[in-house]
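What follows is a short report on a single structure.
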Amino acid sequence: MVRNPKLIAVLHNPIAIAESIQQRKRWEQFFILLGWFSLLVALLTLVVLVADLLIRGWPLLNLKFLLSPPSSDPEEAGILTAWVGSLLVILVTIVVAVPLGIGAGIYLEEYAPKNWLLDFIEINITNLAGVPSIIYGLLALGFFVYILKWGESILTAGCTLALLILPVVIVTTRESLRAIPVGIREGAYSVGASRWQTIFDHVLPYSMGGILTGIIVGISRAIGETAPLITIGALTFITFLPEAPIKGEFPYISFNWLWSPFTVLPIQMFNWVSRPQEAFQINSAAAGVVLLVLTLLVNSTAIYLRYRFRKSIKF
Amino acid sequence: MSTSAKNVTRLGVIAAIAAISSTVIPAAFSQQSAPVVRIDGSSTVYPVTEVAAEQFQKQQGGKIRVTVGISGTGGGFKKFCRGETDISNASRPILAKEMEECKKNNIQYIELPVAYDALTVVVNPQNTWTKSLTVAELKKVWEPDSKINNWNQIRSEFPNLPLKLFGAGADSGTFDYFTEAIVGKAKASRKDYTASEDDNVLVQGVSRERGALGYFGYAYYAENKNKLKAVAIDNGRGPVMPSEKTVLDGTYQPLSRPIFIYVNANSAKRPEVRQFVSYYLSNGPAIVKKSKYVPLPSSAYKAILARFNKNQVGTAFGGKEAIGLKLDDLLKRSIQ
């Protein structure tokens, strides 16, 4: 019941009601404008940055640039070892972080007993998502390089970046699982499904869209990282590629590339930006464009899968 | 619904297999086919070593591989003293602490100067009043807690214009050397200035501010001569501009410094490392010129190559920063 005499007076006066509606609509218009403005600022910045990269890097964006190793001569210098390195490192990252992250997320959300320990773990995971990446680099240097003796390899780098994005994957997995309506679970239980069947056949597929978004965010962050990789000993000048994963003779598949030294695109860019020769700035811009394209390509699988999963959901 | 469940299954199985197989493959497979020379260290020395590595690999037709990293002089020595690298790039001599670390791991090294760098003090091109600065004036500006914030405080005839300072970040060898040479104590510097590890940021800063004063490696000045003006340095014997000539004849003091490579004495027994270092030193002048540093005279490279061929291990600097070291001294200094 409305007790406010002023409001009651308004309710008895049709003109006042109309005015009140007008006023509230004006506020709504204002917020729509504000939303537009925010979107515009974000988009414009992005467009300007990408356009700037494209314009400056355009003269170098050709096959030769993609297929040449680094060089001290800006015209000769290419990014072959850098993009291959980035791609391999990110593949290892995905293979390690995605199953671990989703698994941990499912356990924490669905199985773990809800007690203080879970709260403690939850706070820590959320915190870890905000830890500066260099800390992960130092951790990886101590653990992967010194204790496990994996050396300065693609495997070490991939696992380092996997640690870096694990919190993001875990948190988004939990959020997505939590967003599934209770009715879905209850429906599954009511026809006699076990907890695992409920999760695997119903809850997980429905939440895959959200989980994949988390994975995309994680990959995009990992692919642009420089600091932790320099810490674990990524190189800057390297002209040879890791060994091919497929061989002509038995057993046809080789994992030697995992132990190979490497460099990645962001490190190559960073090195070029800090050179005295202005010509290297162009190389850096062109490498930036390639990094953007590579990020999109790697993510496109996840984006496609997300599209498929979302299409198949019919609540 | 069932299709997406299957998708999840397939994804999960593939990921699990890949995850397991990638983590259990033993490190024993990690042998590379071609021999590799592993180099890491200073980003200042990096451009020189990069040219050497690139040309050497070309000459060898890919039979020998060379990799170069940039973890900084200090970071490079850490790896070097654990035996992880064959050669360490260094923009200063090895320090006492690092010598100990190497000794602990039984790592001996051959110290080889490869070039000279001249730290250059620069001002904005619109600065018409500063032709030269004395070391004492620079010290007054850069010492810790310096209160000098206007050009007329440096010298009374200078105009009344706020002073904007630009300099190396505290993690760089450039910072260590400049503070040691000018202020007299490594890492002793005022802190209220624009500091960056990226020298291009400093170049941009000085070129935009009329009242700017900054310092960085000579290569950055040489590449941006149209945007910057170098200042002659007066150490009591008249103003001297930085140039190849003044660096080599020892008059551009105290801001010229040698840069080094350190070769692990054990690695030096391997043919690929021997070949690479010999190539580096025999083609020293061309390699160093290409990377915009000041090369030593060719006679010096011969003497240094002889030092390498005799496997003279140790350092000539006793673990200290070497300030105002002339070329002759550098070569004559006995190795302990």
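The values are calculated or read from the model by the stated rules, or taken from the named source; none is laboratory data. Model, not experiment: these values are computed from the prediction. Because the Cβ atoms are built from the backbone with ideal geometry, glycine has one as well, and the counts that use them run over all protein chains shown. Just the protein is used for accessible areas: all its heavy atoms, side chains included, with ligands, DNA and RNA removed. Shrake-Rupley method; radii C 1.70, N 1.55, O 1.52, S 1.80 Å.
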Take A:Phe120 and tell me if it is touching a residue at least 12 places away in the same chain (Cβ under 8 Å) and part of a helix (DSSP H, G or I). no
For a quick check of your reading of the model, give me the residue pairs whose first member lies in the stretch B:199-213 and is touching a residue at least 24 places away in the same chain (Cβ under 8 Å), whose second is open to solvent by less than 70 Å² (accessible area, probe 1.4 Å) and part of a helix (DSSP H, G or I), with beta-carbon atoms closer than 6 Å and at least 6 apart or on different chains. B:Asp199/B:Tyr220; B:Val203/B:Tyr220; B:Ala212/B:Val206
Among (1) β-branched (Val, Ile, Thr); (2) without any contact (Cβ under 8 Å) to a residue 60 or more places away in the chain; (3) surrounded by 14 or more Cβ atoms within 10 Å (Cβ to Cβ), there is one condition B:Thr128 misses while meeting the rest; what is its number? (3)
Mind checking which residues of the stretch B:187-197 are within 18 Å of the chain's Cα centre (by Cα) and surrounded by 18 or more Cβ atoms within 10 Å (Cβ to Cβ)? B:Ala195, B:Ser196
Please work out which one of (1) assigned to a loop (DSSP other than H, G, I, E, B); (2) under 18 Å from B:Val48 (Cβ atoms) is the condition B:Ala300 fails and give its number. (1)
Could you check the stretch A:218-315 for helices (runs of 4 or more DSSP H) lying wholly inside it with 2 or more residues that are within 8 Å of another protein chain (Cβ to nearest Cβ), over 23 Å from B:Thr73 (Cα atoms) and open to solvent by 20 Å² or more (accessible area, probe 1.4 Å)? A:279-312
Wholly inside the stretch B:65-150, strands (runs of 3 or more DSSP E) that include 2 or more residues that are closer than 27 Å to B:Tyr215 by Cα are B:87-90, B:109-123, B:132-134
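How many residues does the stretch B:272-305 hold that are open to solvent by 20 Å² or more (accessible area, probe 1.4 Å) and without any contact (Cβ under 8 Å) to a residue 40 or more places away in the chain? If you could, list the steps in order and put the result at the bottom.
Of the stretch B:272-305, the ones open to solvent by 20 Å² or more (accessible area, probe 1.4 Å) are B:272, B:274-275, B:278-279, B:282-283, B:285-286, B:289-290, B:292-293, B:297-299, B:302-303, B:305.
Subsequent filtering for residues that are without any contact (Cβ under 8 Å) to a residue 40 or more places away in the chain retains B:274, B:278, B:282, B:285-286, B:289, B:298-299, B:302-303, B:305.
Here the count works out to 11.
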Determine which single condition A:Ala193 fails, assuming it passes every other condition in (1) over 24 Å from A:Trp58 (Cα atoms); (2) aliphatic (A, V, I, L, M); (3) within 27 Å of the chain's Cα centre (by Cα). (3)
Could you list, in sequence order, the residues of the stretch B:198-218 that are surrounded by fewer than 22 Cβ atoms within 10 Å (Cβ to Cβ), in contact with a Ser or Thr (Cβ under 9 Å, 6 or more places away or on another chain) and within 12 Å of chain A (Cβ to nearest Cβ)? B:Asp198, B:Asn200, B:Val201
A careful count of residues in the stretch B:263-292 that are at pLDDT 90 or above, part of a loop (DSSP other than H, G, I, E, B) and within 14 Å of chain A (Cβ to nearest Cβ) gives 1
Has the stretch B:155-172 got at least one residue that is open to solvent by 20 Å² or more (accessible area, probe 1.4 Å), closer than 30 Å to B:Pro285 by Cβ and in the same structural domain as B:Ser207 (by TED's automatic domain parsing)? yes
Quick one: how many residues across the stretch A:60-99 are open to solvent by 10 Å² or more (accessible area, probe 1.4 Å) and without any contact (Cβ under 8 Å) to a residue 12 or more places away in the chain? 6
(1) more than 18 Å from the chain's Cα centre (by Cα); (2) surrounded by fewer than 20 Cβ atoms within 10 Å (Cβ to Cβ) all hold for B:Ile323 apart from (1)
Do you know which of the residues in the stretch B:36-50 that are modelled with pLDDT under 90 and of a type in the set (S, T, N, Q) is surrounded by the fewest Cβ atoms within 10 Å (Cβ to Cβ)? B:Ser43
Pick from the stretch B:51-63, criterion within 19 Å of A:Pro261 (Cα to Cα) and surrounded by fewer than 20 Cβ atoms within 10 Å (Cβ to Cβ), ranking: farthest from the other protein chains (Cβ to nearest Cβ): B:Lys63
